[in-house]
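I have placed the structure first, in the form of C-alpha cells, so that the comments after it can refer back to it.
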Amino acid sequence: MKILCYKPFGRKQVFCIRRCVGRVLKKIGASTAMLRIIIADDHIHIRKGIVQLLEDEFGALHTEEAENGIELFDKVMTGPWDLVISDMVMPGGNGLEALKKIKKEKKELPVIIVSTYPAEQYKSRVMEAGADDFISKDAFSTHLIPSIRRILKN
C-alpha cells in the first residue's frame, strides 16, 4: 500500500502519518484505541495467563485484575471499560452475582463468564443473567480470542 499523504513539515506531517496509519490499521481490522479490560478470577495464575493471551493477540492494552466479585464490581464502576472477563465462582462474591450488578449499572458493558463447570449445565443460566458469552476453561485458548473479537465487533 502506498502512503500518498506524506508532507515534509511539522504538525501536518505528524497528523498525516497518524491518519495514514489509522487507515491501514482500519483496513486490516486493527484498532488504534487501547482496549480496557477487567479480568476477575480468584487464581492469580489464571488472571496472568489471560493477560498474556490478550497481550499476545491485541498488543497494547490496559488491564485491571480482581480476585472476587465485590472487587470486580468496584473496579467496573471506576471508569469506562471495553470488556469484563470473569470467573463464575469465586470466594467473597462470585462472578454471577457481579454480572447481575454490572448489568444493572452498565447494560452495554460486555461480560464474558469463564468456568471450569461444563457449558451444558451453566451456559443458559449465565446468558440469561446477561453475559455476552460463557467459555469453559478447558476451551479457553481456542475460544476466548474469537469470542472477544465477535463481541467487540458488535
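Return the pair list, or none, for Cβ contacts closer than 7 Å from residues in the stretch 132-153 that are crowded, with 16+ Cβ neighbours inside 10 Å to residues that are part of a helix (DSSP H, G or I) and of a type in the set (Gly, Ala, Ser), at least 6 apart or on different chains.
Pairs found: Asp133/Ser147; Phe134/Ala119; Ile135/Ser147; Ser136/Ala119.
Could you list, in sequence order, all residues of the stretch 90-111 that are within 14 Å of Ile151 (Cβ to Cβ) and touching an Asp or Glu at 6+ places or on another chain (Cβ under 7 Å)?
Pro110, Val111 - these are the residues of the stretch 90-111 that are within 14 Å of Ile151 (Cβ to Cβ) and touching an Asp or Glu at 6+ places or on another chain (Cβ under 7 Å).
When the stretch 51-90 is examined, which residues are found to be in a loop (DSSP other than H, G, I, E, B) and of a type in the set (Phe, Trp, Tyr)?
Listed by number, the list holds a single entry, Trp81.
For Ser124, indicate whether it is of a type in the set (Ser, Thr, Tyr), closer than 19 Å to Leu35 by Cα and outside any strand (DSSP E or B).
no
Among the residues that make up the stretch 25-36, is at least one of them surrounded by 14 or more Cβ atoms within 10 Å (Cβ to Cβ) and at pLDDT 90 or above?
Yes, the conditions are met somewhere in the stretch 25-36.
The values are calculated or read from the model by the stated rules, or taken from the named source; none is laboratory data. These numbers come from a predicted model, not from an experiment. Don't worry about glycine lacking a Cβ; one is built from the backbone with ideal geometry, like all the others, and counts go over all protein chains shown.
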